[in-house]
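Step one of this worksheet: look at the structure below.
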Amino acid sequence: MNIREKYEAAKNEYEKWGIDVEKVLDKLKDVKISVHCWQGDDVTGFENSNQELSGGIAATGNYPGKARNAAELRADLDKALSLIPGKHKVNLHAIYAETGEEKVERDELRPEHFANWVQWAKRRGLGLDFNPTIFSHEKAADGLTLSHPNKDIRDFWIRHCIASRKIGEYFGKELGQPCLTNIWIPDGYKDIPSDRLGPRQRLKDALDEIFKVKVDNKYNLDAVESKVFGLGAESYTVGSSEFYINYAAKNNILSLLDTGHYHPTEMVSDKLSAMLLFSNKVALHVSRPVRWDSDHVIVLDDELKEIAKEIVRNDALDRVIIGLDFFDASINRIAAWVIGTRNMIKALLSAMLMPNKKLKQLQDEGNFTERLVLMEEFKTYPLGDIWNYYCQINNTPVKEQWLEEVKAYEKEVLSKRK
Ligand code: RNT
Ligand code: ZN
């Protein structure tokens with residue numbers, strides 16, 4: 001049987017459960033994943049400042065061929081995106097600005113420094129998302145930024161965040177789809193703090209300053225990302241989950257949940273329904289923490305599938321903004337993008353191909369036996385045959401065939417970068 005025939009056979013099986021497979025594939029095509037540019041260069045950026053990656057995050061490994069400038073990063077993204085079905089977005093950080101010969105401080109960044117990115121995205125019909133970069137900088141050297149006791153340092157980062165939101169607005173205007181501008185800061189303490197309230201008060205005031213500046217939310221959506229701890233900030237994180245959930249709710253901005261930013265048995269999949277009851281939109285950084293916030297490439301594991309089910313079952317595909325956040329420097333970086341992004345899409349497809357209405361009904365009837373039977377049996381339904389067909393009709397390689405293209409690109413392009 002060829003791919004189409006296998007698809008027809010699989011489709012029949014799903015249709016027995018009332019699942020309209022064609023409709024599912026149509027719907028899936030409209031789902032945009034925000035692909036993070038920073039997997040392509042291990043979160044280095046192009047500022048040319050010799051700053052080490054800081055902020056309590058780390059990319060480990062030294063696989064050859066990382067992008068050394070924006071043109072290379074865009075070429076690598078082009079390669080990766082050509083192997084991923086659907087039209088997506090690319091997520092940038094302020095350190096990916098192109099300022100030419102001029103050294104532009106982060107608080108002075110302007111839309112024009114991202115004109116090449118916009119032009120590139122426009123030609124390809126891609127959206128762009130944005131992040132101020134509040135780490136890897138001399139003004140973040142002691143691990144404090146927006147909550148710093150020193151007002152000059154806080155003000156610098158406040159200006160950077162305001163500048164970033166304007167860049168986000170520019171992206172949204174130019175590309176005809178809103179940009180998500182997400183603020184994450186590393187602020188915290190290695191050891192037991194003697195004042196927990198002070199830093200949080202300063203962060204709250206700094207955020208108030210940042211969001212006082214009106215930016216059209218037709219073009220730019222603001223988000224804040226919480227965290228539980230970072231390397232060197234094990235005892236206290238200023239921007240904790242409670243802090244940002246409350247801040248976002250009160251100020252009508254988005255909460256961004258990163259799947260690596262909670263205690264190991266605390267699952268983002270379980271948080272989505274609660275968030276969605278109180279906010280119109282919620283944002284995600286889908287990552288894979290292995291023992292800590294290690295940012296491994298996402299695999300098709302139970303939690304990824306559970307997150308996808310929550311989005312699909314709650315009919316929230318247009319309310320959950322799905323962004324990726326992993327950076328593995330020990331494997332081919334293009335492969336990392338392709339593996340992770342394809343997995344995210346595959347997880348959504350898998351969730352859409354479940355008898356969700358029936359499962360919900362069984363729960364309400366208290367029929368937990370049948371609920372478990374169906375959930376388990378669906379795990380071996382022929383998802384792969386539907387997925388392969390989806391890849392084929394979207395002109396992307398089927399199954400592991402895409403690796404051949406990555407290997408060729410590695411040989412022709414990546415291996416020549418020194
Ligand atoms: C860090 C946060 C943050 C970063 C990126 C680079 O723990 O997850 O989102 O990973 O902004
Ligand atoms: Zn994140």
Task: Exclusive hit being farther than 29 Å from residue 173 by Cα and buried (at least 17 other Cβ atoms within 10 Å of the Cβ), set 94, 58 - done: 58
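Let's see how each residue does on (1) among the small types (Gly, Ala, Ser); (2) in contact with a Lys or Arg (Cβ under 7 Å, 6 or more places away or on another chain); (3) within 16 Å of ligand 2 (Cβ to nearest atom); (4) over 18 Å from residue 68 (Cβ atoms):
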site	(1), (2), (3), (4)
83	no, no, no, yes
86	yes, yes, no, yes
97	yes, no, no, no
105	no, no, no, yes
108	no, no, no, yes
116	no, no, no, no
121	yes, no, no, yes
Open item on the list: What are the pairs with Cβ atoms under 8 angstrom where one residue, in segment 395-418, is closer than 14 Å to residue 79 by Cβ and the other, located anywhere, is β-branched (Val, Ile, Thr) and modelled with pLDDT of 95 or more? Sequence gap at least six, or different chains.
Closed with: 396/84; 402/338; 402/396; 406/334; 406/338; 409/334; 410/334; 414/334
- [ ] Determine if segment 12-22 includes at least one residue that is in the same structural domain as residue 158 (by TED's automatic domain parsing) and surrounded by fewer than 18 Cβ atoms within 10 Å (Cβ to Cβ).
- [x] no
Open item on the list: Name the residue that is nearest to ligand 2 (Cβ to nearest atom), counting only residues in segment 295-316 that are closer than 18 Å to residue 263 by Cβ and out of contact with any Ser or Thr (no Cβ under 8 Å at 6 or more places or on another chain).
Closed with: 301
Task: Residue that is nearest to residue 155 (Cα to Cα) [pool: residues in segment 209-249 that are in contact (Cβ under 8 Å) with a residue 24 or more places away in the chain and charged (D, E, K, R)] - done: 209
Task: Those residues of segment 213-262 which are in a strand (DSSP E or B), more than 14 Å from ligand 2 (Cβ to nearest atom) and within 13 Å of residue 182 (Cα to Cα), in sequence order - done: 220, 221, 222
Task: Subset of segment 141-185 (residues that are more than 16 Å from ligand 1 (Cβ to nearest atom), among the aliphatic types (A, V, I, L, M) and not in a loop (DSSP other than H, G, I, E, B)) - done: 153, 158, 162, 163, 175
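The values are calculated or read from the model by the stated rules, or taken from the named source; none is laboratory data. Please read all numbers here as calculations on a predicted model, not as lab measurements. All Cβ positions, even for glycine, are placed from backbone atoms using ideal geometry, and neighbour counts span all protein chains on display.
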